[in-house]
Amino acid sequence: MYLTIIKNGQIIDHRDVGVECLSFEKDSVEHLNDYESLEGMHGLIPLTTKFGGRHLRAVFYVEKENHLEYELVKNEIFRLFTTKTEMTIIDSRQPDRQWNVKVSNTFSVNRVNQRSGQFVVDFLSSSAFAESTNSTLNMVLAQISGSKEQKYKHTTSAFEVLNDGDETINPRHFPLVISFKGVSTNLEIKNLTTGDTWTCAGTTAVSDVVELDGIRFTKNGLSIFRDTNRKLITLAPGWNLVQLAGASGSFEISFDFRFYTI
């Protein structure tokens, strides 16, 4: 196994400097629980639970031809794992998901002999979830559940959208771009699975593009927030049944987002 490291936009393979990854493991999710207690009552009343960051750990081994090369490669190792911003790491055993992390420990390259050593790097992800390496409009689409396919572009008024992760895609917290192009009058997008409904008063022509990009709503790049009901569409884990109203003629709607998994 090996880790692909993306740092400052540069893709790095640690094997290029003679460093092998012996193991890469992640801790369980950190639960941040809130409770309330009442006077005269035993126990606690459970309130809300949030997830903290995620701790991950990699063990590396390095071996060089001689003592001098071994000493020099240690500088490359320290340089690789020094950063002020998050780097992205991808485990070769799960190439479809990635972690955005910072190094959370100091470490030493401990000698095994004169020309080899071993070290452990602890990482902290600010998110409890791994994210898919590609968004839905960029990933290779594969069949699942027999006849159903992961399709994120649609030309009909009723269809399903698959969120193949463990977390609800809420555009307040995760990137989600819904794009509609075509003719409509008082366009309405409804997720029957979650009960979310987004509406926009007015009309669009065949070449107009309406975008719901997070909490920003635009038509051909100009804000239409005041013309909407100011609601958001979320996507629950699994299949989401979506229905359009007000669209007519030829149109296309797409959903672009990533999956977030435990």
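Mean separation of Cα pairs under 8 Å and 6 or more residues apart, divided by the residue count, gives the chain a relative contact order of 18 percent.
Farthest towards the positive end of the charge dipole of the chain, among the residues 105, 29, 135, is the Cα of 135, using unit charges on the Cβ of Lys, Arg, Asp and Glu.
Taking all protein chains in place and a 1.4 Å probe, what share, in percent, of the accessible surface of the range 1-58 do carbon and sulfur account for? Walk me through the numbers on the way to the answer.
Working: 1960 of 4000 Å².
Ligands and nucleic acids excluded, carbon and sulfur reach 49 percent.
Helix 67-80 axis versus longest C-alpha principal axis of the chain: approximately 20°, rounded to the nearest ten.
The calculated 222 nm mean residue ellipticity attributable to helices in the chain amounts to -1500 deg cm²/dmol, summing -39500 (n - 2.57) over DSSP H runs of n ≥ 4 and dividing by all residues. Treating r as the C-beta distance of residue 51 and residue 252 and R0 as 45 Å, the FRET efficiency rounds to 0.80.
Only the Cβ atoms of Lys and Arg (+1) and of Asp and Glu (-1) were treated as charged; on that basis the dipole of the chain about its Cα centre amounts to roughly 420 debye.
Given R₀ = 25 Å, what would the calculated FRET efficiency be for residue 76 paired with residue 113, taking r from the Cβ atoms and rounding to 0.05?
Details: r = 19 Å, r/R0 = 0.77.
So the FRET efficiency works out to roughly 0.80.
Evaluating kT/(6 pi eta Rh) at 20 °C and 1.002 mPa s, with the Kirkwood radius of the chain over Cα pairs in the Stokes-Einstein relation, gives 98 µm² s⁻¹. Among the lysines of the chain, pairs that are 8 or more positions apart or on different chains and have alpha carbons within less than 12 Å of each other number 7. What would the Debye equation give as log₁₀ I(q)/I(0) for the range 80-136 at q = 0.24, 0.28 Å⁻¹, counting only Cα atoms as equal point scatterers? Log-scaled intensity ratios, in q order: -1.00, -1.13. Karplus-derived 3J(HN,Hα) values for the range 247-256, using 6.51 cos²θ - 1.76 cosθ + 1.60 with θ = phi - 60°, are 7, 8, x, 8, 8, 9, 10, 10, 10, 10 Hz; glycine and proline are entered as x. Considering only 210, 174, 56, the residue lying farthest towards the positive end of the dipole of the chain is 210, judged by Cα position with unit charges set on Cβ.
Per-residue 3J(HN,Hα) values for the range 158-169, derived from phi via the Karplus relation 6.51 cos²θ - 1.76 cosθ + 1.60 with θ = phi - 60°, read 9, 6, 10, 10, 9, 9, 8, x, 9, 10, 5, 7 Hz in sequence order (x marks Gly and Pro).
The values are calculated or read from the model by the stated rules, or taken from the named source; none is laboratory data. Since we're looking at a predicted model, the values are computed, not measured. Methodologically, a virtual Cβ is constructed for each residue, glycine included, from the backbone with ideal geometry; neighbour enumeration extends over all protein chains shown. With ligands, DNA and RNA removed, areas are computed over all heavy atoms of the protein, side chains included. Shrake-Rupley method; radii C 1.70, N 1.55, O 1.52, S 1.80 Å.
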